[in-house]
Amino acid sequence: MNIGFEAKRFFTNNTGLGNYSRFVIRALTTCFPENQYYLYTPRNPGHNDVLDLLKNKNVRVITPGKWHKFFRSTSIWRTWGISKEQSIRDLQVFHGLSQELPVDLPARIKKIITVHDLIFYRYPEFYKAIDTAIYKKKLKFACEKADKIIAISEQTKADLQEFLNVDRSKIEIIYQGSHPNFKRLLSSEEINIVADKYGLPGDYILSVGTIEKRKNLLVLIKALSLIPKEKRIPLVILGRQTEYFKEILTTARDLKVLDGILFLQNVPFHEFPAIYQRARLFIYPSLFEGFGIPLVEAIESRVPVITSSGSCFSEAAGPSSIFVDPHNEEALAVQINKVLLDSALARSMVSASYEYIQQFEPAVIGKKIMDVYNGNV
């Protein structure tokens with residue numbers, strides 16, 4: 001079978017949709033090497049995480065012709081030009097990995113999209129109006145044209161039905177897994193090299209994600225202030241900073257917890273596992289996600305998890321994690337204390353949660369995706 005992918009983010013995004021795209025293609029090329037895989041991208045920067053995958057003889061990269069590059073019209077190529085590429089004639093399946101499809105793909109090609117989230121429908125205030133309009137238009141078109149839609153969570157499936165009235169029979173839920181970086185437990189020496197580089201404390205709570213309003217770090221800062229100072233351990237926050245960062249700083253300073261917080265950004269992704277594995281507790285207080293892959297990364301790293309109730313969080317973190325109302329700092333403070341003071345509880349959470357995430361292994365997910373391609377679901 002010849003399978004094409006809209007693969008811009010496979011090449012250009014270092015986290016998020018990029019990691020998902022590379023996870024899918026790595027799983028498929030490993031488990032189903034008999035197929036040919038065509039990656040359509042406006043550019044190929046060739047970072048390390050991509051180069052290994054491109055060594056496969058069954059992977060071919062398709063980029064715009066010289067005229068698109070000369071006139072800097074690669075975004076037009078991505079929407080309108082992909083379907084005119086000669087290689088499209090050879091495809092049986094085309095998969096839009098980031099909830100988009102090119103226009104005018106031949107009718108004979110089976111069209112699949114993965115939909116990650118509809119946050120721009122639920123929380124449009126978190127986006128620029130023009131971006132929201134573009135996202136909605138692209139997703140509506142892709143859902144109409146797709147023969148099958150892969151939703152990465154029950155939450156995303158429900159949102160597709162609620163906001164776009166997509167027939168539930170058209171949607172298959174297939175979860176996502178974490179990057180291979182998180183599969184290996186590092187030695188203490190490897191962890192200490194990264195810890196020394198960033199000045200990590202010996203014991204800390206970790207939170208990972210862009211510091212933006214939707215990620216809801218304010219509730220964690222307030223919860224810390226409710227824990228007696230002698231029982232607190234430092235907090236490490238790993239993520240890109242936005243305007244919301246100023247509000248976090250001000251609140252942490254006012255509540256007198258700022259001196260116990262370490263902010264990290266621009267950390268290379270390959271160093272994330274060391275930062276996770278040194279943590280004592282992982283907290284993800286986000287208001288809403290499509291899935292919440294940092295939860296899986298934390299569990300792979302053998303760290304107990306506290307996250308938000310509602311949305312998709314129980315799907316990613318499993319029943320042995322702890323779930324708290326994301327607007328209730330008092331409840332969060334109680335649960336932080338509970339886990340930090342009870343090592344037996346922490347160990348049992350890690351053990352049961354690790355068992356739960358085995359369903360996110362590449363071979364499991366790769367087979368489910370191939371079943372969608374083959375029409376077996």
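Observations, loosely collected:
- Taking the range 207-230 as the range and being part of a loop (DSSP other than H, G, I, E, B) and not small (Gly, Ala, Ser) as the test, the residues that pass are Thr210, Glu212, Asn216, Ile227, Pro228.
- When Tyr198 is tested against the conditions (1) surrounded by fewer than 17 Cβ atoms within 10 Å (Cβ to Cβ); (2) closer than 20 Å to Glu330 by Cβ, the lone failure is (2).
- Residues in the range 36-46 that are surrounded by fewer than 22 Cβ atoms within 10 Å (Cβ to Cβ) and not in a strand (DSSP E or B): 5 in all.
- Odd one out for Val103, checked against (1) modelled with pLDDT under 95; (2) in contact with a helix residue (DSSP H, G or I) (Cβ under 7 Å, 6 or more places away or on another chain); (3) surrounded by fewer than 21 Cβ atoms within 10 Å (Cβ to Cβ): (1)
- Single condition Leu287 does not satisfy, out of (1) part of a loop (DSSP other than H, G, I, E, B); (2) closer than 23 Å to Ala344 by Cα; (3) in contact with a strand residue (DSSP E or B) (Cβ under 8 Å, 6 or more places away or on another chain): (2)
- The residues of the range 10-35 that are surrounded by fewer than 16 Cβ atoms within 10 Å (Cβ to Cβ) and within 20 Å of Pro102 (Cβ to Cβ) amount to a single one, Asn13.
- Within the range 307-356, helices (runs of 4 or more DSSP H) holding 3 or more residues that are more than 26 Å from Thr156 (Cα to Cα) and modelled with pLDDT of 95 or more: 329-341, 343-356
- Residue-level check: of (1) of a type outside the set (Phe, Trp, Tyr); (2) closer than 30 Å to Arg302 by Cα; (3) in the same structural domain as Ile25 (by TED's automatic domain parsing); (4) assigned to a loop (DSSP other than H, G, I, E, B), Val166 misses just (2).
- Count - residues of the range 145-168 that are acidic (Asp, Glu), within 17 Å of Val377 (Cα to Cα) and either without any contact (Cβ under 8 Å) to a residue 24 or more places away in the chain or crowded, with 23+ Cβ neighbours inside 10 Å (or both): 1
- Candidates Glu190, Glu172: the one that is modelled with pLDDT of 95 or more, in a strand (DSSP E or B) and among the acidic types (Asp, Glu) is Glu172.
- Restricting the range 285-322 to residues that are under 14 Å from Gln359 (Cα atoms) and β-branched (Val, Ile, Thr), the residue that is surrounded by the fewest Cβ atoms within 10 Å (Cβ to Cβ): Val296
- Filter result for Tyr37 (at pLDDT 95 or above and either over 23 Å from His270 (Cα atoms) or out of contact with any Leu (no Cβ under 7 Å at 6 or more places or on another chain) (or both)): yes
- Check on Ile233, in contact with an Asp or Glu (Cβ under 8 Å, 6 or more places away or on another chain) and surrounded by fewer than 21 Cβ atoms within 10 Å (Cβ to Cβ): yes
- Sole exception among (1) buried (at least 19 other Cβ atoms within 10 Å of the Cβ); (2) at pLDDT below 95; (3) under 27 Å from Arg26 (Cβ atoms) for Ala279, by number: (2)
The values are calculated or read from the model by the stated rules, or taken from the named source; none is laboratory data. Please read all numbers here as calculations on a predicted model, not as lab measurements. Glycine also receives a Cβ, built like all others from the backbone with ideal geometry; neighbour counts cover every protein chain displayed.
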